[in-house]
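**Student:** Once you've had a glance at the structure underneath, I'll fire off some questions.
All of the numbers you see were taken from the coordinates with simple rules; none came from a lab. Bear in mind the structure is a predicted one, so any value in this text is a computation, not a measurement. Cβ sites come from the backbone with ideal geometry, for glycine too, and all protein chains shown count toward neighbours.
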Amino acid sequence: MISLQADPHPRGASVAPPAPPAPPAPSARPRTLRDVTTPDAGWNSRPPKLAKIYAVGGPTGGSGKTMIATNLAHLLATTTGGRVVLVDADLQFGEVNIALQLYGRLTIHDLLYDTDGRPHDDLELTLSLRESLTSTPHGFEVLPAPALPAQADEVGPEEITRVITNLRKQADFIVVDTPTGLRPTTNAALALADRLVCVTQVDVPGLYNLRSYLDSVTNLGHGPESRIVVLNKDLPGSGVQSRDAEELLGPVDGVVPFDIAVSQSLNHGAPVVADAPREGVSHDILGALTRLLPEGTTPLPRRRRRWWPFRGRRLHA
């Protein structure tokens with residue numbers, strides 16, 4: 001029996017290809033920061049990750065916290081090859097930019113507020129990171145303290161937390177130079193820190209103040225296992241010996257002597273481990289901070305040997 005139904009594809013007729021499937025409905029996912037940044041945006045194009053945070057603090061001024069912080073940032077950059085950011089959280093009289101001779105740069109206040117004093121939201125803050133950070137020739141970047149002491153009043157614990165939290169997604173290591181003592185902004189930084197480097201000078205007031213400081217930071221979650229104790233500016237014949245300090249403080253990770261090479265490096269605008277890597281003080285700093293660095297690294301050349309031809313001889317006029 002012959003079917004009378006018409007052939008849908010008669011001989012000689014062209015057959016159109018099947019229509020492509022309809023595209024899926026657009027996702028309702030909201031736009032994120034990654035959607036609005038370009039692929040080569042540097043800081044903002046990296047996948048989120050959490051940096052390790054090392055805070056540097058101490059109970060007394062003039063102990064060398066900033067010196068230790070700048071040298072730690074340089075050692076982390078040279079031994080890990082990672083992105084290291086040094087944040088100057090000593091908001092009123094921070095010295096990181098002066099120690100590294102970084103003048104006229106954007107500051108943490110500029111990162112948080114626009115020129116009209118309006119606070120930046122989280123997206124604006126994240127997008128401003130690249131402009132606010134200052135590169136140094138020593139392998140790390142710096143976020144300086146406010147240029148004016150009065151601007152420190154506008155940077156409180158909440159702002160410190162915002163800055164460090166945003167930086168933590170972009171960097172590999174963050175070093176925070178905190179102010180003297182324990183202030184609300186310091187406590188905010190310590191709450192985020194993985195390790196705390198405690199610094200004081202080698203004298204009786206400094207050691208007793210450090211004892212109280214260590215008791216306080218223990219209550220804040222930084223016990224002996226998460227802190228480094230560094231005694232700085234040790235002078236021969238000062239009357240205080242390292243064993244006396246350990247009886248009072250417990251284990252000490254390193255003793256750094258008073259050395260003219262440190263003052264010279266500050267005048268050169270460089271960490272002493274970069275400015276004078278063969279000097280004994282540089283090796284002492286490395287030894288004090290070695291627990292924070294990758295195992296087996298030797299970032300410094302051999303220690304310089306000093307010869308004293310007149311030692312043991314009396315000089316006559």
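**Student:** GLU158 to THR298: extension gain in nm, 0.36 nm per residue of separation minus the Cα-Cα distance?
**Tutor:** Between GLU158 and THR298, full extension yields 46.6 nm more.
**Student:** Can I ask one more? Can you bin the stretch 66-149 into rounded, prolate or oblate? Criterion: square roots of the alpha carbon gyration tensor eigenvalues sorted a ≥ b ≥ c, rounded for a/c under 1.5, prolate for a/b above b/c, oblate for the rest.
**Tutor:** oblate
**Student:** List the residues whose amide H sits under 5 Å from the amide H of LEU86, counting only those 5 or more places along or on another chain, with H placed 1.01 Å from N in the peptide plane.
**Tutor:** GLU141, VAL142, LEU143, VAL175
**Student:** As a footprinting exposure proxy, order TYR113, TYR208, TYR103, TYR213 by other Cβ within 10 Å, with the fewest listed first.
**Tutor:** TYR103, TYR208, TYR113, TYR213
**Student:** Sticking with this structure for a sec: Which stretch or stretches of the stretch 243-267 have amide N atoms under 19 Å from the point lying 7 Å from VAL204's Cα along the Cα→Cβ direction?
**Tutor:** 243-250
**Student:** Right, here's the next one. Per the Kirkwood formula on distinct C-alpha pairs, the Rh of the stretch 118-170 is how many angstrom?
**Tutor:** Computed over Cα pairs of the stretch 118-170, the Kirkwood hydrodynamic radius comes out at 12.3 Å.
**Student:** Can you tell which of TYR103, SER135, THR165 lies farthest toward the positive end of the dipole of the stretch 91-170, using +1 and -1 charges on the Cβ of basic and acidic side chains (Lys, Arg; Asp, Glu)?
**Tutor:** SER135
**Student:** About the Cα centre of the stretch 122-208, what is the dipole size in debye to 20, counting +1 per Lys and Arg Cβ and -1 per Asp and Glu Cβ, all else neutral?
**Tutor:** 220 debye
**Student:** May I ask you to list the lysines whose Cα is less than 27 Å away from that of LYS65, ignoring any residue fewer than eight positions away on the same chain?
**Tutor:** Output for LYS65: LYS52, LYS169, LYS233.
**Student:** Sequence gap at least 6, Cα distance under 8 Å: using those rules, report the relative contact order of the stretch 43-184 to the nearest whole percent.
**Tutor:** Relative contact order comes out at 47 percent.
**Student:** Further, regarding this structure: By how many nm would the segment from ALA191 to GLU246 grow when fully extended, if each residue of separation counts as 0.36 nm and the alpha-carbon distance is taken off?
**Tutor:** Using 0.36 nm per residue and subtracting the Cα-Cα distance, I get 17.2 nm.
**Student:** Please compute the length gained on full extension between ILE98 and ASP114, using 0.36 nm multiplied by the number of residues separating them and subtracting their Cα-Cα distance.
**Tutor:** In short, 3.4 nm is gained.
**Student:** In addition: For the pair GLU124 and GLN264, how long in nm is the line joining their label points, each one 7 Å along Cα→Cβ?
**Tutor:** 4.8 nm
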